[in-house]
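Values in this text are rule-based calculations from the coordinates and carry no lab data. Everything numeric here is computed off the predicted structure, so don't read it as measured data. In this analysis, Cβ positions are derived from the backbone assuming ideal geometry, glycine residues included, and neighbour counts consider all displayed protein chains.
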Amino acid sequence: MAPEAVLVEACVTSVEEAREARRLGAHRLELCVDLEVGGLTPPPGLLASVVEAAEIPVFGMVRNRPGDFRYTEAEGDGMTESALRLIREGAEGLVWGCLDQDGMPDVP
C-alpha cells in the first residue's frame, strides 16, 4: 500500500463477514462480537478462525463487558488475560481502551 493511500479497516463479527470485508477491499479487520452494545471481546477460537480465513491483519477487541470504559483492577486482569489469548490466536494488534475516574484516557 502506497504511503498516501487510505487504510480501510472493517469491523467484523464472523468468518463470513471477514471474507466479505476482504473481498470488498478492507486492508485490516477489527474483530469483536455483540456490536449492539459497542463491541466485546470475541470468544475463544473465533479470532484464529478469522485470521486463517481473512488473509489480512486482524486486530482483536479487548472489552469484556458493555458499559463505560472504567474498569476495576479485577476487570483489568481479566482483560489482560483476554489480550494474551487473542495474541496467541494470531491477533496482529489489539483494540483496547480505558478511562480514569475523570473520563480521560487511563494511560498507565
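Observations, loosely collected:
- Extreme residue, positive dipole direction of the chain, given options Val37, Phe69, Cys11 (C-beta unit charges): Cys11
- Taking each DSSP H run with n ≥ 4 as -39500 (n - 2.57) and averaging over every residue of the chain yields -9500 deg cm²/dmol at 222 nm.
- Check: the chain dipole with +1 on Lys, Arg Cβ and -1 on Asp, Glu Cβ, in debye: 320
- Considering only beta bridges that DSSP places wholly inside the chain, some 15 percent are antiparallel.
- Relative packing of peptides 99-107, 82-90 - highest average C-beta neighbours within 10 Å first: 82-90, 99-107
- Centroid-to-centroid separation of the range 1-34 and the range 38-67 [C-alpha atoms, Å]: 12
- Reciprocal mean inverse distance between Cα atoms of the chain - Kirkwood radius, Å: 14.5
- The chain: relative contact order in percent, alpha carbon pairs under 8 Å with at least 6 residues between: 22
- Each of Gly25, Met79, Pro105 was scored by the projection of its Cα onto the charge dipole of the chain, and the greatest displacement toward the positive side belongs to Gly25; charges sit on the C-beta of Lys, Arg, Asp and Glu.
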